[in-house]
Amino acid sequence: MFKLLLREPSEEPAVETTKPIKNIAPDAHKTVSTNPMTKITESAQSRPDEGDLVEGLVVATDKAALYVDLPPYGTGIIYGREFMNARDLIKKINIGDAITAKVIEPENEDGYVELSLKEARQALTWSEAEEAIKNKTVFNLEVKDANKGGLILEWQGIQGFLPASQLKAEHYPRVEDGNKDAILAALQKFVGETLGVCVLSANAKEGKLIFSEKGLEEKERSELVEKYAVGDVVEGEITGIVDFGLFVKVEEGLEGLVHISEMDWGLVEDPRAMFKVGEKVKTKIIEIRDGKISLSIKTLKENPWIEAEKKYKKDDVVSGVVIKYNKHGALVSLEEGVAGLVHISEFGSDEKLRETLELGKSYPVKIVFFEPKNQRMTLSYSGAQEEAAAEKATLQEAKPETE
């Protein structure tokens with residue numbers, strides 16, 4: 001926003017002329033301004049540097065130029081293209097007004113300091129953005145447009161970006177499979193709406209302004225989270241389902257995440273097949289970090305690994321069902337919630353593994369690693385075959401010889 005400091009008008013009348021005024025001595029003044037927003041070099045220096053912000057009193061105007069008293073440098077001038085670019089601002093300026101401008105030429109051929117009002121306003125705007133970051137100032141801004149990454153906003157004439165990741169939980173586009181077109185459609189619904197945001201980062205050099213909607217709720221969310229502790233059992237409503245889990249509203253203004261690994265002791269491949277938005281669920285708080293709550297549904301159910309520890313031991317040969325393939329091998333379930341991996345290295349290739357161990361079928365496997373307290377188990381198909389072959393050989397050796 002353009003900074004304009006009003007003072008009492010000078011008694012001198014406005015000078016009416018159509019060319020730069022020659023009778024204003026460029027170095028006629030030596031008083032140093034102490035305004036904190038003004039970057040002025042030491043008084044011993046005869047001229048400011050290009051890019052400096054300077055402040056002075058308007059001493060004269062005409063149809064194509066504006067003259068500014070700039071102690072200790074002399075007289076500044078806004079004319080030509082800079083005058084045209086700032087004509088809407090200049091219309092509101094009177095003789096005697098104090099203005100801030102940016103130096104674009106320390107000394108021109110006529111001895112004036114050439115100034116820009118438009119660039120000064122932009123510099124001040126970026127300075128205000130930095131202050132807004134420090135003060136966490138809230139702005140209510142209209143959403144101008146949307147793209148697949150977030151929303152486009154405008155502040156003080158500068159276009160800024162609100163990433164989807166910086167939206168409040170209730171505004172975040174929760175779409176199936178992360179479909180980008182669906183995300184864009186969800187974000188476009190905000191165009192024309194006003195959102196309360198704060199400035200997250202400002203880069204004047206690159207002209208980048210990033211907003212966040214999350215910053216507004218951090219304090220409130222932190223206060224809500226303080227009411228809870230790890231181990232608490234809470235009931236909430238499922239507000240969103242994504243590939244990696246469930247969002248559950250614990251209370252108004254506070255949501256927690258149930259990761260897919262915390263939904264059930266058994267294998268969960270599609271959360272949407274097990275739960276529905278709007279469904280009420282009981283969960284247990286398993287972690288509170290940085291104002292965020294992690295929840296678990298499976299910890300409220302009986303842990304099948306406790307019973308498994310009593311039933312199985314290392315080197316046992318047991319029967320299991322192939323329930324999933326991954327890049328490491330085949331996941332084989334001994335019972336609901338208790339499964340181990342048969343490594344691909346036993347077969348040489350993924351193709352050979354799938355030919356040998358078909359999905360949904362039962363096979364004998366040997367337990368080669370068993371750590372029930374950490375729900376870890378490694379199985380071997382070839383080991384089971386070797387055990388079976390050895391047992392068969394032993395039985396044959398034990399048979400009495402017949403004539």
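Summary table below
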read-out	value
Subset tally (residues that are touching a residue at least 60 places away in the same chain (Cβ under 8 Å) and in a strand (DSSP E or B)) for region 327-337	2
One residue from 257, 200 being within 30 Å of residue 333 (Cα to Cα) and under 23 Å from the mean Cα position of the chain (by Cα)	257
Matching residues, region 303-334, being under 10 Å from residue 372 (Cβ atoms) and polar (S, T, N, Q)	303
Residue match in region 147-165 (condition: modelled with pLDDT of 85 or more, out of contact with any strand residue (DSSP E or B) (no Cβ under 7 Å at 6 or more places or on another chain) and either under 30 Å from residue 246 (Cα atoms) or in a strand (DSSP E or B) (or both))	yes
The lone exception for residue 94 - which of (1) buried (at least 16 other Cβ atoms within 10 Å of the Cβ); (2) outside any helix (DSSP H, G or I); (3) touching a residue at least 40 places away in the same chain (Cβ under 8 Å) it fails	(1)
Filtered residue count, region 99-111, keeping only those that are modelled with pLDDT under 85 and surrounded by fewer than 20 Cβ atoms within 10 Å (Cβ to Cβ)	0
Checking residue 394 against (1) among the hydroxyl-bearing types (Ser, Thr, Tyr); (2) modelled with pLDDT of 80 or more; (3) part of a helix (DSSP H, G or I), the condition it does not meet	(2)
Single residue of region 326-355 satisfying the filter (surrounded by fewer than 16 Cβ atoms within 10 Å (Cβ to Cβ) and hydroxyl-bearing (Ser, Thr, Tyr)) that is nearest to residue 389 (Cα to Cα)	345
Residue in region 69-84 that is of a type in the set (A, V, I, L, M, F, W, C), in contact with a helix residue (DSSP H, G or I) (Cβ under 8 Å, 6 or more places away or on another chain) and at pLDDT below 85 present	no
Evaluation of residue 82 against (1) assigned to a strand (DSSP E or B); (2) under 13 Å from residue 118 (Cα atoms) (one fails), failing number	(1)
Pair list, Cβ < 8 Å and 6+ apart or interchain, from region 361-373 residues that are outside the structural domain of residue 341 (by TED's automatic domain parsing) to residues that are in a helix (DSSP H, G or I)	none
Where residue 114 falls short, out of the listed (1) under 28 Å from residue 203 (Cα atoms); (2) modelled with pLDDT of 85 or more; (3) in contact with a Leu (Cβ under 8 Å, 6 or more places away or on another chain)	(3)
Counted residues, region 276-325 - those being closer than 21 Å to residue 384 by Cβ, surrounded by fewer than 15 Cβ atoms within 10 Å (Cβ to Cβ) and either of a type in the set (Gly, Ala, Ser) or free of Cβ contacts under 8 Å to residues at least 24 places away in the same chain (or both)	2
Among residues of region 123-146, those that are of a type in the set (A, V, I, L, M, F, W, C) and part of a helix (DSSP H, G or I), counted	6
Residue match in region 235-258 (condition: more than 28 Å from residue 213 (Cα to Cα) and either touching a residue at least 60 places away in the same chain (Cβ under 8 Å) or not small (Gly, Ala, Ser) (or both))	no
Residue check, residue 401 under 14 Å from residue 320 (Cα atoms) and either at pLDDT 95 or above or assigned to a loop (DSSP other than H, G, I, E, B) (or both)	no
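For every residue, the table says whether it meets (1) touching a His at 6+ places or on another chain (Cβ under 6 Å); (2) surrounded by fewer than 16 Cβ atoms within 10 Å (Cβ to Cβ); (3) more than 19 Å from residue 284 (Cβ to Cβ); (4) at pLDDT below 85.
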| position | (1), (2), (3), (4) |
| --- | --- |
| 170 | no, yes, yes, yes |
| 186 | no, no, yes, no |
| 193 | no, yes, yes, no |
| 198 | no, no, yes, no |
| 204 | no, yes, yes, yes |
| 214 | no, no, yes, yes |
| 227 | no, yes, no, no |
| 234 | no, no, no, no |
| 246 | no, no, no, no |
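The values are calculated or read from the model by the stated rules, or taken from the named source; none is laboratory data. As the structure is a computational prediction, the values presented were derived from the model and not from experiment. Neighbour counts are summed over all protein chains in view; Cβ atoms, including those assigned to glycine, are modelled from backbone coordinates with ideal geometry.
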